[in-house]
Amino acid sequence: MPHIDEHECIDGNLPESALGLASSESSVLTLQAEHRSSEIEKGKDLAPLTCRRADRQFWKMKPLDERVLHHLSQAGFYGVYCIGQLPLDHSLITALVERWREETHTFHFPVGECTITLQDVVILLGLPIDGDPITSPESSKKMQEWQALCRELLGFAPPAKDFNGNRLRLRCLNEKFKSLPLDADDTIILCHTRAHILRMIGGLLFPDKSQSKVKLMYLPFLRDLEACGKLSWGSAVLACLYREMCRASKSKAKEIGGPLILLQLWAWERLLPVRLERKLPRAKLPYTGVEAIASDLVATKDVETHVISQRDPDLPGKPLGSRWRERFRHKKGVAHNLELYRNQLDGLKEGEFIWRPYTPEITAQMPSYCLSGQGIWHTVSPLICFSIVEWHLPNRVMRQFGLKQTTPTQCDTRRDLHRTDMRGREGYDFEKLHLHHVLLWRDRNQHIIQGEPFDGIMVDDDPYLVWYRGITRLRIGSPGQKQEERSVEKEEIIKSMAQTIVSIFEKSDGTIKDYNDDLGLQSLVQIRRICLNSLETIKKHHGPAGHLASEILVSKQTPAPSSSDMPPCKRHRGLVAPRPPRKSRKKNVNKASPEVPTDAPPISVHSPLSVLATSAVGLSHEPPSMPIDEFPSPSVHCVPKNNLTLPIVVEELSSSVLPVLRSCPPLPLSWPATGLLTREWVMDLEIALDWSSTNMPPEEFSSVVPEEVFNHLVLSASSIMSTEPNCLRIDDELGLNPGSKVVVVGDLHGQLHHLLFLLRDAGYPDDDRFFIFNGNYADRGAWGLETFLILLAWKVLKPNRVHLLRGNHETKLCSTKYGFKQEILVKYGTKGKDVYQKCLNCFTKLPLASVIAGKTYTTHGGLFRSISKGNRSKNSVNYPKEIGSLEDLSKIRRFIQDPPLNGRNAIIGDILWSAPSMSPGLSKTDEQSFGLLWGPDCTEEFLKNSSIKLIIRAHGDPDARNKLLGPVGTDEGYTIEHEVGSGRLITIISAPDYTEFQEKEASYQNKGAYVVLDHPDFDTPSVGIFEAVTQRPKAKAYYYYKNVTGSSDELDLTGTSHEELDLAGGSDDEMDCTQ
C-alpha cells in the first residue's frame, strides 16, 4: 500500500489508491476503461457470466471401452477423459475473469500477478505441450470433402443436415458412437477413438458458441494417433482459454467459453478461500483399491495428494485434476455467490494463494506424461491454435516456478491479434498468417526464463510489490462499498501489531533481569529498544492501538540498559541449563571373526550430544519450551582397524550449545486447513505430545489429538504406504545423491522421549537426510500411540525421505498382548475400538524391507524362506531349507494383520520374527512359532546372491535375545551378529533402558543406537550410541509385564492354534492397566 498523508483524505475517507481501486499510472492497464471492473466500480450490478459447454451427453454414455482408452492415451487425450464431468461454478469463473487482464495475460490479485501456465495444463489435464502447434494451411473444406474425410477417419459420412459450414453437430457423433461392439476390429476401434476425441474437443476443450457443434478442422490431426500425441494440444487449449478470458473481461461480455474446466481446476488447486470441501469414500481408501480403514470419517478439509489408480495396469495413471472427481461440496454459503467470491479475492492474503502446489511429494506419484515438457514450462512464447495467438508470459509469475519475482518488462499482447478470429476467413492459411509466431514457438527452448531461487514470503517493501501496487487495482468494487470495511480492517491490523510488539517487549524486558549471558543479553536489549521505538510511533495513532502503546510506555519509564550496564556474566540462570557433557566413546565394533575379510570397511561409533537429553522432556506443570532447530551433528570418525581391537577414543563434547526454545502450541491440535502438513505442524505435534506425556493423564489424550486429527493423519499415511512395494528401493530415483545420509533406526517400543531425542541428535528428515525405521513402534512402552503418530506425520510430510517398515509388534497378535490395544482404549475411551482398528489397518500397509543404494538391506527380523520356482511344494515352503531372495519378497501379499504359520505368506512371519544364529543352516524356531533361525552361511548366501554388503535389522529386544540367542546381547544398543566374506549383519535397538516403565533393577539398562550410512556406497555404517533420558515421566504398564518379562516373542506368542490368532487378546476389559 502506498504511504497516505493526512491531507490526502477527503471528508475522513481514504483515497481510491489506498483502497486499491485505482492505479497510480496507466502504463500497464491501458484497457481499464473497457474492463469489467470499471463497470463494477461505478456501482453497476453485473450478473455472472454464462459458461458455455457441450459435454453433457458425452458423460451420460457408458464408460469408454479399455480398447478405446489405450488409443486415447496414445493420442494424448486420456488425461482429459479421466477428469470427467465436473460442474462449473459460473460465479467463481466470473470472479476470476474480473481479475484477468488482457494487457498482461495474468490475474491481478492483492498478493501479485498469477496465471495459468503450460505447467498447469500438463499436470492438471495431462495434455501434451511440447510439440508442433495446432495450426494448418487448411482450416475449411467443402461439405463433400468433409464427408469423405469423415468416411475415412470415422467410418461413416454424416448426412448434409448435420453440417453447418465447417462444423458438425455433436448429436450426430453421440448417436453413432454409443458403445463399441465386442467383436470390433482395429479399424472400428480407431474410428470410435477419433469420434470420442472430437466430442471432447467440441464439448470440453474448444466448445463452439452454439454449444452443439464441433469444428472439423481438428479431425485431420487425428488420422495418425501416435503423431497426434506428439502435437502441442496443451498450448492450443491454453491459447483458447486466454482468448476467451480476454473477451469475457470486457464490460459488455455476457458469456464465456473455452476450456473452463482448466480455469476451475487451477483455482481449486491454488486459491485456498475457494477450494472445495471434499468427502472421502466411506469404504475404500482413496485411489488404492485396497480395503479401507473402517470408519465414518468425513475428510471435508482434506485434498488428497495422490492420483487415482487406474483400472487397467497397462493404462497410465491419471492427471492431478482427476482427484476432484470424488464427492465434494462447496463451503457453506460459498457456491455460486459472486459477491462473496469477489470479497474473498479482494481480501486474499499471502499464504492463501499457493504459489507452488505441485510439490515433489505430489509429482513423485504422478504418471510420466503429466510431467512431460518440463523444459518449456516457463518459456516466454506465443501459444497458437489456428486463428488464435496468445502470449505465454511466465516472466510475470516467477514465484509459481520457485524464482524471485522481479519487475517485468513492458509486454505487448497485440490487440490486433485479439481481433483475428475465424469469422469471414474460410479457407484462410493461418499457418502462413502467423508464420512469425509459429517460428517463435518452434524456438521455444531458447526463451526460458531464469532467476534467483525463491521460496518464501515476499516482504511488503519488495521493489516488485511496490511497483505492482502502483500499476494495478488490488480490489474489485466501488469505494463506497469498501470504505467502511477497509477502515475497520486497517484499525484491526494496527491494533494487532501493537499487541504483538507489546508482547515481545514484555517478554524481553522480563528476561533481561535474570539473564546474564553477554551475547544473549545484548540481543534482548536490542529487541527491547526496537519495540520501544515502534511503540513511540504507534502512540501517535488516535485509536485503541495508540492507547495501548501509551499505557506500556508510561509504565516503563526506566531506560533500557546499555551494554556497559550489564551485570557480570552468570551462565544459564533463568534458562534451561544443559547437563554436564557426557563423554563420547569411540569404540571398535569390528569383533574378531575368522571369516573377517581383510578389506571390510570399519564401523564408526559415536555418542550423540547428551546436552539434549534434559531438554527433550518438559517436567514442569506449564507447557514446556522445546528445541526445534537442528543441532550440529556430532562428529563421526571412521576409526581404522588395528588387527582385532581398536583403542577407545574419549572426546569432550561442548556444553555451551543452547537450544532455540519454543512453547507448546495451542491445544487441541487441528488438521491444517489446506489439508497439507508443514514442518511447523509436525514440530507442534512433537511438542504437544511431549508436554502431554508429563502434564496430562492418558485418559485426556483426545483433548490433545482429537479423533478427527488422528483419522486424517492415519488415512493420509496409509494411502501413501499402500502404494509402496514390499521392499523399498532407496536410490537416486527417490533423490539419494552423494550428499545424502541415511539414518536407520531400530526398535522404539513406545519410548516417545527417546524418539524425540534421536530425531534431534541425528538431524531431522530433509532433502539430504533419509530415515528408515525398522519397526516395533508400539507395545511395552507407555507412549506407543504418540510414537506412531509422530512417525506417521513425518511420513506424510516427507513421503520420499521417511520410510516406516513393519515390525512383529505391528500385528494384532502382539499389539493385543503387549499393551498397545489397551493403551488406545485408555486414551480414546469409547472410541478406542475404532481407533485401534484403524491402527491395525495402517500396520498392514507398512512395507517389509528396504534396499539402500543397492548395497544395504534393512528389515525388522531378518531373512526368510524361499518360495521361488522349484521350491513351491507345501513341504518346501512349510519346512524351509533355502533362503529366499528379494524376488520372493516382491511376490507376497503383505496386507494382512497376522501372518500364517505356513504357506507362501509365512514369509511375512519370517521377516518380522526371524533371528540370526551362530549355528549354520536354516531352521524354524519352533513348530508353533513364527520366524526362522539362520546361520552365517545363510547370511553369506543372501549377501552374495543379492549383491548386498550389509544387513541392518532390529528385533533386538534384550529379553528375547537372552532366551533365544544366549548371552550375546545388545547392551550397547547394537551387536554384530555375523561377519562373512561378503559383508556384515548388524542388530540395533533404539529403545534404551528396555523396558523403560519397569523398576531400574528389573530393566535391562541397555543403551540405544542408530546407524548412519553415507556416500560413496552407503554400506559403511557409523553407529550412534545414546543412553536413556533420565528425566522422563513415570508411567505404568499397559499389560502385565511380570507375566511376560523375559519371554521371547518368537516362542511364546503362538501358544494357541493358528486358527485362533484372530481372537488373540481376549475382550476389551480383559485387563485394567490404569490402576
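Of note:
- Condition met for Phe163 (of a type in the set (Phe, Trp, Tyr) and either over 30 Å from Lys432 (Cα atoms) or touching a Leu at 6+ places or on another chain (Cβ under 7 Å) (or both)): no
- The stretch 890-931 - residue that is in a loop (DSSP other than H, G, I, E, B) and hydrophobic (A, V, I, L, M, F, W, C) and, of those, most open to solvent (accessible area, probe 1.4 Å): Met918
- The set of residues in the stretch 223-266 that are of a type in the set (S, T, N, Q) and not in a helix (DSSP H, G or I) comprises Ser232, Ser249, Ser251.
- Residues (modelled with pLDDT under 95 and either on the phi > 0 side of the Ramachandran plot or surrounded by fewer than 24 Cβ atoms within 10 Å (Cβ to Cβ) (or both)) located in the stretch 770-795: Gly775, Asn776, Asp779, Arg780
- Verdict on Asp926 being within 40 Å of the chain's Cα centre (by Cα) and modelled with pLDDT under 90: no
- Residue, modelled with the lowest pLDDT, within the stretch 703-758, restricted to residues that are surrounded by fewer than 18 Cβ atoms within 10 Å (Cβ to Cβ) and hydroxyl-bearing (Ser, Thr, Tyr): Thr723
- Residue in the stretch 735-745 that is over 19 Å from Gly807 (Cα atoms), more than 22 Å from the chain's Cα centre (by Cα) and touching a residue at least 60 places away in the same chain (Cβ under 8 Å) present: yes
- Selection from the stretch 367-394 of residues that are part of a helix (DSSP H, G or I) and either farther than 20 Å from His436 by Cβ or of a type in the set (Asp, Glu) (or both): Ser368, Tyr369, Cys370, Leu371, Gln374, Gly375, Pro394
- Filtered residue count, the stretch 174-197, keeping only those that are crowded, with 20+ Cβ neighbours inside 10 Å and either modelled with pLDDT under 95 or within 13 Å of Lys62 (Cβ to Cβ) (or both): 3
- Test: residue in the stretch 204-215 that is free of Cβ contacts under 8 Å to residues at least 40 places away in the same chain and either farther than 22 Å from Gln144 by Cα or part of a loop (DSSP other than H, G, I, E, B) (or both): no
- Conditions (1) of a type outside the set (D, E, K, R); (2) touching an Asp or Glu at 6+ places or on another chain (Cβ under 7 Å); (3) farther than 19 Å from His753 by Cβ: number failed by Leu804: (2)
- Selected residue (only one of Cys385, Cys411, Cys370 is under 25 Å from the mean Cα position of the chain (by Cα) and either of a type outside the set (D, E, K, R) or open to solvent by less than 40 Å² (accessible area, probe 1.4 Å) (or both)): Cys370
- Among the candidates Gly229, Gly234, residue that is surrounded by fewer than 23 Cβ atoms within 10 Å (Cβ to Cβ) and within 15 Å of Gly131 (Cα to Cα): Gly229
- Pick from the stretch 817-826, criterion out of contact with any Lys or Arg (no Cβ under 8 Å at 6 or more places or on another chain) and crowded, with 24+ Cβ neighbours inside 10 Å, ranking: nearest to Gly909 (Cα to Cα): Lys817
The values are calculated or read from the model by the stated rules, or taken from the named source; none is laboratory data. Note that the structure is predicted; figures quoted are calculated from it, not measured. Glycine gets a Cβ as well: all are built from the backbone with ideal geometry, and neighbour counts include every protein chain shown. Areas reflect the complete protein model, heavy atoms only, side chains present, ligands, DNA and RNA absent. Shrake-Rupley method; radii C 1.70, N 1.55, O 1.52, S 1.80 Å.
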